[in-house]
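Comments concern the structure below.
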Amino acid sequence: MNTEAGVREERAYFLSVIKTFKSYRDQSLKKIHSKERCVVSLPNDHKTWLEKYNADLQKLKEGIEKNSNFIPLVLEHAYTMFDNVYSNMDIIQKDDEVPLLADGLDKVQSVFKQLMRDWSSLGAAERKQCYEPIIEEIIANYPEDKFDRSQIQILVPGAGLGRLAFEIASRGFKCQGNEFNLFMLIVSFYVLNLCQNVDEYEIYPWIHQYCNNISVEDQMLTARFPDVKPMPSPKGNFSMTAGDFLEVYTNNDEWHCVATCFFIDCAPNVVQFIETIYDILKPGGLWINLGPLLYHYSDMRNEKSIEPSFKVLCDVIKKVGFEMEKCSTGIKTKYCQNPLSMLQYEYDSVFFVCRKPVDIIMDS
């Protein structure tokens, strides 16, 4: 959005995100307090039997406090992360005039789990499942003895907290991550630019998951991050951009490779993503994808969404113009799972590699 109204709308949303981050502690403790009131309302013998449960709730409060201590560190730098676009706009506003986002607390909690997945040693197993096949494919297609990797431009849409893009850049490629979620962008900015030491921070990623726990200690499993030092950026070839993938990337024939991980099902119309990826790739360029087809918009009211099967998607991919070089199904992948939980979600993901033909018939 470049209009004044558009900038003001973005500004209002930004302030709502900031306020939602700030409300994390109070909103999270409110849920604990409701559980405590529930216990108080029970018969006396039930309350006696649940004394250990009450003690567990006190432990959860302590974990919430520790999580909340990280948030001010992140927000201190949030206003300057977009080239001062917000800090130069007189953003001082009464806090009670800024609305909380309806699903904001869920998004803050999701960020804590994403920190585990992307930037802790505890997330290494998930990264091996999800990122390693993509990285290996990139390395195989651009060996160091044949390519100057610093000139190979790779885009990672839906980059989240940036670890996949960081890993690609660490191998010498010129890599850019793109992310739309402002909650993710604010935290990734801090991790990638301001974290100074390995395992500098400790968080409780699953402290809000109250079901399927053998013990409260399993719910309070901690993760330390970052497991590697992100600064300085690897070989100067790493960057992150903010914004809607379809709006930010409009230049044709620009990228040697687009790597998507748990991304293409984030679109209400996945065909638009496929077309855009095809357009922005150079002739001969690669699209490497790994992930499920969760289709995030499918259950949202007032949202137009299509949910084609993978077989239909394969037909679309070929009709758009891609040549599919590899395709595998049943790739076991997890996403932000607590390894100690009684419930384990695991996707049978798809992995494919497509190439934009070198010889393309152009319209005259």
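Values computed for the structure shown
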{"item": "Inter-residue pairs, beta-carbon under 9 Å, first over 12 Å from Pro157 (Cα atoms) and in region 277-290, second among the aliphatic types (A, V, I, L, M) and part of a helix (DSSP H, G or I), 6+ apart", "result": "Tyr278/Ile317; Tyr278/Val320; Leu286/Ile138; Leu290/Ile134"}
{"item": "Residues of region 203-214 satisfying the condition of being closer than 17 Å to Lys61 by Cβ and either surrounded by fewer than 15 Cβ atoms within 10 Å (Cβ to Cβ) or of a type in the set (Phe, Trp, Tyr) (or both)", "result": "Tyr204, Trp206, Tyr210"}
{"item": "Subset of region 307-334 that is among the charged types (D, E, K, R) and not in a helix (DSSP H, G or I) - its residue that is farthest from Gly291 (Cα to Cα)", "result": "Glu323"}
{"item": "Test: residue in region 217-232 that is touching a strand residue (DSSP E or B) at 6+ places or on another chain (Cβ under 9 Å), closer than 26 Å to Ser188 by Cα, among the hydroxyl-bearing types (Ser, Thr, Tyr) and surrounded by fewer than 22 Cβ atoms within 10 Å (Cβ to Cβ)", "result": "yes"}
{"item": "Every pair of residues 6+ apart whose Cβ atoms lie under 6 Å, when the first sits in region 154-177 and is of a type in the set (S, T, N, Q) while the second is modelled with pLDDT under 95 and surrounded by fewer than 24 Cβ atoms within 10 Å (Cβ to Cβ)", "result": "Ser170/Pro234; Gln176/Ser239"}
{"item": "Every residue from region 141-183 that is of a type in the set (Ser, Thr, Tyr) and either in a helix (DSSP H, G or I) or crowded, with 22+ Cβ neighbours inside 10 Å (or both)", "result": "Ser150, Ser170"}
{"item": "Positions within region 230-247 being farther than 18 Å from Leu161 by Cα and modelled with pLDDT of 95 or more, in sequence order", "result": "Leu246, Glu247"}
{"item": "Every residue from region 186-202 that is crowded, with 24+ Cβ neighbours inside 10 Å and either farther than 13 Å from Val74 by Cα or not β-branched (Val, Ile, Thr) (or both)", "result": "Ser188"}
{"item": "Which listed residue is among the small types (Gly, Ala, Ser) and modelled with pLDDT of 95 or more, from Ser298, Ser305, Ser341, Ser364", "result": "Ser341"}
{"item": "Number of the condition not met by Val85 [criteria: (1) surrounded by 14 or more Cβ atoms within 10 Å (Cβ to Cβ); (2) of a type in the set (A, V, I, L, M); (3) modelled with pLDDT of 90 or more]", "result": "(3)"}
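The values are calculated or read from the model by the stated rules, or taken from the named source; none is laboratory data. Only a predicted model underlies this, so the values are computations on that prediction, with no experimental measurement involved. Cβ: placed from backbone, ideal geometry, glycine included. Neighbour counts: every protein chain shown.
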